[in-house]
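The values are calculated or read from the model by the stated rules, or taken from the named source; none is laboratory data. All values reported here derive from a predicted model rather than from experimental measurement. All Cβ positions, even for glycine, are placed from backbone atoms using ideal geometry, and neighbour counts span all protein chains on display. Heavy atoms of the whole protein, side chains included, go into the accessibility calculation; ligands, DNA and RNA do not. Shrake-Rupley method; radii C 1.70, N 1.55, O 1.52, S 1.80 Å.
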Amino acid sequence: MCDLGHDHGHFGFLVDAPEIRALIAETARVTSAIRDDAARVDALRPAFAALLAADGWLPEACAQPDASSRMGGGIGQYALYRAEDGSLCLFSLVVPAGAATPVHDHLAWGLVGIYRGRQDETVYRRLDDGSDPSRAQLEVAKRQQLGRGEFYTLLPPADDIHYVTTISDTPSISIHLLANDTACVWRHRFDPEHGLVTPFRSGYANAPCPPEA
Ligand SMILES: [Fe+2]
């Protein structure tokens, strides 16, 4: 289920566990009931916290670094649930000890929390107006450390650009519930020092992205 090539569908519940089904069902309920993104994300906090607090639902195969990572650093990104229409996904992100993600954006509302290990997160504020697609002027807006059960919300464009580093001596595993098919949408990686922006599609380790149009 967390390796490419297994005989399963690439959408729906790639990992079928009651804890995951409960969160996805609650997300569907809240999404139809609440129109406002901020209120919706807030309403999802208890269900998301419950998933982070539960043990036993994440297969070890979805908790491993990925040597062939497109993000580099052995970072593994494993789809756990994907809506076929691209409106929602749940995935695990495994960042080896000492490794860091690129500086990147997400382009969708969602919740991100720590399941194992510990991460240091650096969030950037964008100072330019985004009119040049190849450039971005960024400054550090905040830094925080997160451990098991701690999570933050994403409400782009606010606080949507960040990177994380694993500061535990074991890999960190963060769980992401986001309102797109995150690894398959074209998003951006940033070089804050040189003000550069590059199109970026991270890909899942265990599921292909749809063919490009
Ligand atoms: Fe991220």
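Some notes on this structure:
- Pairs linking a residue in the stretch 135-156 that is open to solvent by less than 50 Å² (accessible area, probe 1.4 Å) and polar (S, T, N, Q) to a residue that is in a strand (DSSP E or B) and at pLDDT 95 or above, with Cβ atoms under 8 Å and 6 or more positions apart or on different chains, are THR153/GLY110; THR153/LEU111; THR153/VAL112.
- Output for the stretch 59-68, where each listed residue is open to solvent by less than 20 Å² (accessible area, probe 1.4 Å) and of a type in the set (Gly, Ala, Ser): ALA63
- Failed item in (1) under 16 Å from HIS194 (Cβ atoms); (2) open to solvent by less than 20 Å² (accessible area, probe 1.4 Å), with ASP128 passing the rest: (2)
- ILE114 vs. criteria within 13 Å of the ligand (Cβ to nearest atom), open to solvent by less than 20 Å² (accessible area, probe 1.4 Å), β-branched (Val, Ile, Thr) and touching a strand residue (DSSP E or B) at 6+ places or on another chain (Cβ under 7 Å): yes
- Qualifying residues in the stretch 85-105 (those that are surrounded by fewer than 22 Cβ atoms within 10 Å (Cβ to Cβ) and not hydrophobic (A, V, I, L, M, F, W, C)) - the one nearest to the ligand (Cβ to nearest atom): HIS104
- If the condition is being in a loop (DSSP other than H, G, I, E, B), among the polar types (S, T, N, Q) and surrounded by 18 or more Cβ atoms within 10 Å (Cβ to Cβ), then the stretch 170-213 contributes ASN180, THR182, SER202, ASN206.
- Of all residues in the stretch 80-95, exactly one satisfies the criterion of being polar (S, T, N, Q) and under 12 Å from the mean Cα position of the chain (by Cα), namely SER92.
- Set ALA108, ALA79: member being within 16 Å of TYR152 (Cα to Cα), within 16 Å of the ligand (Cβ to nearest atom), open to solvent by less than 30 Å² (accessible area, probe 1.4 Å) and of a type in the set (Gly, Ala, Ser): ALA108
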